[in-house]
Amino acid sequence: GVWNGTFPSCVCSTPPAPALGLGVANVNVAACSAVGVGASCRVNVTCTTPGLLPAAATMVCTSSGVFSGDAPQCVCPPLSPPATASGVTGYTVSCARGAGVGARCDVAVSCAGTLTAGDPTPFVCAESGSWIGTLPRCVCAPLAAAAVAASDVVDVTQCAAVSAGASCAVVLTCQ
């Protein structure tokens, strides 16, 4: 006689749905049911808001019968600062893609000429799918007091950290 049929194989059972992360409304693990050892499957997500983008995860069935891989998440769209601002020659963003809700990205600015770059500023991915933060700016170099009589007072404090294209008041008090 001849044997017919197929040999049994080891498979991973359907993984439990991961805990819902921030911005995640639903996790679908159906594609991972009865996956063979070494095979992969996609775990899809549905996001709570249209502004968030679903980032599916790939899970792999390990020889121990459990899945490994990162949990899927909902992410903000890439952070893209405006093309131009006064005195700005460019922006550098520390994370442009794949930032989940609550993730922080820093934005730094490059400035033209003798303008000075402000400190990098943080932006946070909100559950609405938007980035919350304030862009850094280019500022004028500190203003030096003009040469005046020794008894006179020149106050340039209003001119500290003035943005490119803005004006400030210099106060001269004559004694």
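Bear in mind these aren't lab numbers, they're just calculated from the coordinates by the rules spelled out. Predicted model, so just to flag it, every value in this text is computed and none were measured. Methodologically, a virtual Cβ is constructed for each residue, glycine included, from the backbone with ideal geometry; neighbour enumeration extends over all protein chains shown.
FRET efficiency for the ALA117 to SER80 pair, using the beta carbon distance and R₀ = 22 Å, is estimated at 0.70. Gain on full extension, evaluated as 0.36 nm per residue between VAL60 and SER9 minus their Cα-Cα distance, stands at 16.8 nm.
Tell me, in nm to one decimal, what length is gained between ASN26 and THR49 on full extension, where the rule is 0.36 nm per residue of separation less the Cα-Cα distance? Walk me through the intermediate numbers first.
Details: separation 23, 0.36 × 23 = 8.28 nm, distance 1.17 nm.
Result for the pair: 7.1 nm of gain on full extension.
Distance distribution note for the stretch 1-60: the fraction of Cα pairs above 13 angstrom is 66%.
If R0 is 41 Å, the Cβ-Cβ spacing of ALA39 and THR92 corresponds to a FRET efficiency of close to 0.55.
Estimate the FRET efficiency between ASP70 and VAL124 by the formula 1/(1 + (r/R0)^6), using the beta-carbon distance for r and 30 Å for R0, to the nearest 0.05. Given R0 = 30 Å and the Cβ-Cβ separation, E is 0.90.
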